[in-house]
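Okay, structure first, notes after.
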C-alpha cells in the first residue's frame, strides 16, 4: 500500500495566532513536497492568474472610461472663438477624444 502524506502547506487557523500544518491529505507531489489540491503551487498560480486577469480587465475599463470622460470634457471646454488660430489644438483634442472612444469600446469588448 502506498504511503499517505499530509499536505506540507503552512496555514493560519481562523482567529488563530500561530500557523499550523494543513490537515488535508496530499494529492500532488511537487519537487519532493506533498500538497493537497488547494495548496498545490500550480493550482494556486492558476487561480491567482485568473483572478488577476479579471481585475486587470476591470481596471482597463475604468482607465478607458476616465480617459474618455477627460477627453470629452476637454473637447467641450475648447474655446473656438478664432478658428484659424485654435484649429490645430482643436484637432488634437478631437483626435484624443476619438482614440479614447476607440479604447473604451475595445475595453468593453474585453480586448484591451
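No value in this document is a laboratory result; all are computed from the given coordinates. This structure is a prediction, so every number in the text was calculated from the model and none was measured. As a convention, Cβ positions derive from the backbone with ideal geometry for all residues, glycine included, and neighbour counts pool all protein chains shown.
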Residue-averaged 222 nm ellipticity for the chain, from DSSP H runs of 4+ at -39500 (n - 2.57), nearest 500 = -21000 deg cm²/dmol
Given (1) 7.4; (2) 12.7; (3) 6.6, the label whose value is mean projected area of the Cα convex hull in nm² derived from this model = (2)
Who wins for biggest fluctuation among 40, 95, 31 in a Gaussian network model of the chain, springs between alpha carbons below 10 Å?
-> 31
Extension length gain for residue 47 and residue 74 (0.36 nm per residue less Cα distance), in nm, is 5.6 nm
What FRET efficiency comes out for the pair residue 94/residue 58, r = Cβ-Cβ distance, R0 = 25 Å, nearest 0.05?
-> 0.30
